[in-house]
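Take a look at the structure set out below.
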Amino acid sequence: MNDDFCYVCLKWGTKYSAEYVNKLVRMIRKWNITPVDIYCYTDDPTGIDGSIGIIPIQSNAYETWWYKLPLLVEPALGQYRTKILLDLDVVIHNNISNLHTYACDNLVVCRSFWKNPQILSDTREKNTLYNSSVMVWTDASYVYEHFRTDPERFMAIYKGIDRFLWYEPLTIDTLPQDIVYSYRRGATLHDTRSFVKRDNYAIALFHGTPKQTDMVDDPLVKEYWNEL
């Protein structure tokens, strides 16, 4: 296996079944081209394919997406130079073998190019242009250490880590535009078509609703998710 980088996903609670993990891993193996180690960070490994490395969630201090932050310093991933996290609600339909090359000195996340920056003017809602459905890092301990200074406050203020990353004094980098898009909302402000596969992109996000399991007859879901 490649010891330079690995993939990891997060499954906490009951929102996503083991099917999401297993199918995500099959997509990674199909589209990463070369063999690579893949892990699931989870509180319940029931039903997860035995070929997937399990990293148990040891703490009950957080919930949902906030577990992405301790994952940034997870010792079990320390043997790899670069770590790549993919959310469970994605469909991969193109080569992702170069994702690890976007690693740098900072945490790298998606930029929501489909969102109008004008949403940032709503200071009450604390909107964000970051999306953590895909994250790449070598050493992102600075993010977790900042979170640890006052985790209860941060979890109360922000509706998720995307807002935390945007509004806190953290240096974050973003992936290029032509890798990730929203399957529901579009790819850019000028390409807002819903539920359309973009051949020049690699990853379709099913953030919000509907999820893959809600769209079993959708052509993209049928070809790249259902048949795995």
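The values are calculated or read from the model by the stated rules, or taken from the named source; none is laboratory data. Values in this document were obtained by computation on a predicted structure and should not be read as measured data. Counting neighbours? That spans all protein chains shown, and the Cβs are built from the backbone with ideal geometry, glycine included.
Would you mind stating whether Trp166 is in a loop (DSSP other than H, G, I, E, B), hydrophobic (A, V, I, L, M, F, W, C) and at pLDDT 95 or above?
no
Quick check on the stretch 119-135: of everything there that is in a strand (DSSP E or B) and either of a type outside the set (Phe, Trp, Tyr) or over 22 Å from the mean Cα position of the chain (by Cα) (or both), which residue is surrounded by the fewest Cβ atoms within 10 Å (Cβ to Cβ)?
My answer is Ser132.
Could you tell me how many of the residues in the stretch 189-228 are part of a loop (DSSP other than H, G, I, E, B), of a type in the set (Gly, Ala, Ser) and touching a helix residue (DSSP H, G or I) at 6+ places or on another chain (Cβ under 9 Å)?
1
With respect to Lys115, is the statement that it is modelled with pLDDT of 95 or more, among the basic types (Lys, Arg) and not in a loop (DSSP other than H, G, I, E, B) true?
No; evaluated as a whole, the condition is false for this residue.
Would you confirm whether or not the stretch 145-160 contains a residue that is part of a loop (DSSP other than H, G, I, E, B), of a type in the set (A, V, I, L, M) and on the phi < 0 side of the Ramachandran plot?
no
Condition first: of a type outside the set (Lys, Arg) and either buried (at least 17 other Cβ atoms within 10 Å of the Cβ) or within 16 Å of the chain's Cα centre (by Cα) (or both). Now tell me which residues in the stretch 179-200 satisfy that.
Once the filter is applied, which keeps residues that are of a type outside the set (Lys, Arg) and either buried (at least 17 other Cβ atoms within 10 Å of the Cβ) or within 16 Å of the chain's Cα centre (by Cα) (or both), the stretch 179-200 yields Ile179, Val180, Tyr181, Ser182, Tyr183, Gly186, Ala187.
Does Ser121 qualify as being in contact (Cβ under 8 Å) with a residue 12 or more places away in the chain and out of contact with any helix residue (DSSP H, G or I) (no Cβ under 6 Å at 6 or more places or on another chain)?
no
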